[in-house]
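Here the structure is laid out as structure tokens; the discussion comes afterwards.
The values are calculated or read from the model by the stated rules, or taken from the named source; none is laboratory data. Worth saying up front: this structure is predicted, and the values here are computed from it rather than measured. Here the Cβ positions follow ideal geometry from the backbone for every residue, glycine too, while neighbour counts run over all protein chains shown. Each accessible area value is taken on the protein alone, full model and side chains, heavy atoms only, with ligands, DNA and RNA left out. Shrake-Rupley method; radii C 1.70, N 1.55, O 1.52, S 1.80 Å.
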Amino acid sequence: MPELLPDVWVLRISTYDGYDEAEAERTLELLDPGERERHSAFRREEDRARYRAAHAALRRLAGAYLRQEPASLVFGREDCPLCPEPHGRPSLPGTGLHFSLSHSGDLVLLAFGATAVGADVEELPSAKQADEVASALHSRERAELAALRGDDGARVAAFGRCWTRKEAYLKGTGTGIAVPLDGTYVGAGARPGDVPGWRILDVEAPEGYAAAIAYAV
């Protein structure tokens, strides 16, 4: 049976109607009370607009896949793989549709699939920030980044690849960064590492960003 790839969507928030305050109320009507409460908790309009656009897009796309009204969708949480509490992956119970959402800067990344999926997009950090965080990565990933010393641009790009691959994989498993970041090798090179039971793919992103998805196979 052929492998079914997830659908991937990239949204630039500043061009989305939910970012415009004039459209904010219409967009908010799609969200449930909990989402509206979280939206209101942000102090800056920029952060409220990012949340509004990302979650409205999630509802509109999921509604289209499921042929349901976006505002009618009921989201839940799967059980955590590390404990019995229901704070694992976000879910749409009873639908069979798996999804993942990530946003950073001006971008939102969404992935939808028939199996567990994780998505991550990040603005690229400074070389100093990348070097500080790299110490938490897998030993092979640290070695790949160390080989790029002297070329800050290449090293930061490699770090971005590695970090988004790792975040996407950990979001897909439902553990998030509650597990050690050095526990699984996803690679910092041009090709993602092989992770048993999972496929990791880089996602093309605008300059200054890195993005990836991971899905169960």
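Could you check how much of the accessible area of the range 116-217 is carbon and sulfur, as a whole percent, using a 1.4 Å probe? Please report the intermediate quantities before stating the final value.
Values: 2400 of 4650 Å².
Using a 1.4 Å probe with all protein chains present, the range 116-217 comes out at 52 percent carbon and sulfur.
Within the listed set 67, 59, 165, the Gaussian network model of the chain (springs between alpha-carbon atoms below 10 Å) gives the highest mean-square fluctuation for 67.
What do you reckon, how do 162, 83 stack up by accessible area (1.4 Å probe), largest on top?
Values: 162 0, 83 45 Å².
Result, largest first: 83, 162.
With every protein chain in place and a 1.4 angstrom probe, the accessible-area ranking of 141, 69, 122, largest first, reads 69, 122, 141.
Normalising the Debye intensity of the chain to I(0), with uniform scatterers on Cα atoms only, and taking log10 at q = 0.15, 0.16 Å⁻¹ returns -1.01, -1.13.
For the chain, the solvent-accessible area works out to 52 Å² per residue, with a probe of 1.4 Å and every protein chain left in place. Once the Cβ-Cβ distance of residue 80 and residue 38 is raised to the sixth power relative to R0 = 22 Å, the FRET efficiency obtained is 0.65. For the pair residue 129 and residue 115, the difference between a 0.36 nm per residue extended length and the Cα-Cα distance amounts to 1.7 nm. Charge tally for residue 32 (other residues, Cβ to Cβ under 15 Å; Lys, Arg +1; Asp, Glu -1): +2. Taking Cβ atoms as reference points and 12 Å as the exclusive limit, the residues near residue 178 contribute a net charge of 0, counting Lys and Arg as +1 and Asp and Glu as -1. Which angle between 0 and 90 degrees, to the nearest 10, do you get for helix 45-66 versus the longest principal axis of the chain when only C-alpha atoms count? Long axis of 45-66 versus the principal axis of the chain: about 80 degrees. Shape class for the range 61-129: oblate, because the ratio a/c of the largest to smallest gyration tensor axis (alpha-carbon atoms, square roots of eigenvalues) is 1.5 or more and b/c is at least a/b.
Per residue, the chain reaches -11000 deg cm²/dmol at 222 nm when only DSSP H runs of four or more residues are counted, each adding -39500 (n - 2.57). What FRET efficiency, computed as 1/(1 + (r/R0)^6) with R0 = 22 Å and r the Cβ-Cβ distance, is obtained for residue 140 and residue 178, rounded to the nearest 0.05? Result of the calculation: an efficiency of 0.50. Note on residue 15 and residue 60: their simple-model spin labels are 1.3 nm apart, each label 7 Å out from Cα toward Cβ.
Residue 12 sits with roughly 100 Å² accessible to a 1.4 Å probe, with DNA, RNA and ligands left out of the calculation. Using heavy atoms of the protein chains and a probe of 1.4 Å, the accessible area assigned to residue 95 is about 50 Å².
Using a/c under 1.5 as the rounded threshold, could you call the range 131-178 rounded, prolate or oblate? The axes a ≥ b ≥ c are square roots of the C-alpha gyration tensor eigenvalues, and prolate needs a/b larger than b/c, oblate otherwise.
Since a/c reaches 1.5 and a/b is larger than b/c, the shape of the range 131-178 is classed as prolate.
Lys and Arg at +1, Asp and Glu at -1: add these up for the other residues within a Cβ distance under 9 Å of residue 106 and post the number. Local net charge: +1. Residue ranking by accessible heavy-atom surface, 1.4 Å probe, largest first, among 166, 128, 171 comes out as 128, 171, 166.
For the pair residue 87 and residue 151, the difference between a 0.36 nm per residue extended length and the Cα-Cα distance amounts to 19.0 nm.
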